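Below you'll find the structure, written out as structure tokens, and then a few comments.
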Amino acid sequence: MKKWIDIGVQALLGLIFFVFGLNKFLQFIPNPELGGDAGSYMGGLAAAGYFFPVLGGVEVVSGFLLLIRKFPALALVLLAPVVVQIALFHIFLSPEGIPVAVVILGIEAYLGFGVYRERFKDVLRA
């Protein structure tokens with residue numbers, strides 16, 4: 001039973017990042033209007049020109065790897081800084097998104113420190 005839960009959780013995280021990564025290229029989900037510091041932050045990232053295409057590429061590739069269950073540890077490593085940034089963005093700039101950020105952070109932690117712990121044992125050794 002636990003194996004199926006692990007597969008489902010991994011598929012959920014993969015689907016989230018695959019879909020939202022594709023959205024950065026195809027824009028089929030409208031972006032919410034952000035004001036204040038959150039809007040300024042996102043505007044600055046967009047003005048750089050390269051940030052969102054690179055982020056979308058990382059999300060699509062990592063999400064796909066999680067969905068097909070190939071190189072999941074690599075996908076989790078690639079997504080770790082993205083997940084941390086999502087959490088920090090919502091904590092400091094857009095608090096209404098904190099519940100979603102906590103769920104994504106929790107799934108990443110569950111997979112990285114639970115399901116695939118053995119694959120990270122050398123990295124996590126003092």
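The values are calculated or read from the model by the stated rules, or taken from the named source; none is laboratory data. None of these values were measured; they are calculated from a predicted model. So basically every Cβ, Gly included, is an ideal-geometry build from the backbone, and we count neighbours across all protein chains shown. Keep in mind that these areas ignore ligands, DNA and RNA; they rest on the heavy atoms of the full protein, side chains included. Shrake-Rupley method; radii C 1.70, N 1.55, O 1.52, S 1.80 Å.
Among the candidates G8, G63, which residue alone is touching a Gly at 6+ places or on another chain (Cβ under 9 Å) and part of a helix (DSSP H, G or I)? Quick ask: steps written out before the conclusion?
Details: G8 fails: touching a Gly at 6+ places or on another chain (Cβ under 9 Å).
Within the list G8, G63, the selection yields G63.
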Report summary line: If we keep only residues of region 62-73 that are in contact (Cβ under 8 Å) with a residue 12 or more places away in the chain, hydrophobic (A, V, I, L, M, F, W, C) and touching a Leu at 6+ places or on another chain (Cβ under 7 Å), then the residue surrounded by the fewest Cβ atoms within 10 Å (Cβ to Cβ) is L67
**Report entry** Among (1) assigned to a helix (DSSP H, G or I); (2) at pLDDT below 95; (3) of a type outside the set (A, V, I, L, M) - the single one F52 does not satisfy
**Finding:** (2)
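Being under 26 Å from V123 (Cβ atoms) and among the basic types (K, R) narrows it down to one residue among K3, K24; which is it? Step through it out loud before you land on a result.
Values: K24 fails: under 26 Å from V123 (Cβ atoms).
None of the other options fit; the residue is K3.
For region 111-126, enumerate the residues that are open to solvent by 40 Å² or more (accessible area, probe 1.4 Å) and of a type in the set (F, W, Y).
F113
Starting from residues that are without any contact (Cβ under 8 Å) to a residue 40 or more places away in the chain and either over 18 Å from S62 (Cα atoms) or not in a helix (DSSP H, G or I) (or both), keep the ones in region 93-110 and report whichever is least open to solvent (accessible area, probe 1.4 Å).
Within region 93-110, the first condition is being without any contact (Cβ under 8 Å) to a residue 40 or more places away in the chain, and the residues that meet it are 95-103, 105-106, 109.
Those left that are additionally either over 18 Å from S62 (Cα atoms) or not in a helix (DSSP H, G or I) (or both): 95-100, 102.
On the way: P95: 76, E96: 139, G97: 12, I98: 59, P99: 85, V100: 95, V102: 88 Å².
Top of the filtered list is G97.
Can you confirm whether region 20-34 contains a residue that is closer than 15 Å to I86 by Cβ and over 17 Å from the mean Cα position of the chain (by Cα)? Full working, then the answer.
Step one: list which residues in region 20-34 are closer than 15 Å to I86 by Cβ, which gives 20-21, 23-24, 31-32, 34.
Narrowing the set further to residues that are over 17 Å from the mean Cα position of the chain (by Cα) leaves 32, 34.
Yes - at least one qualifying residue is present in region 20-34.
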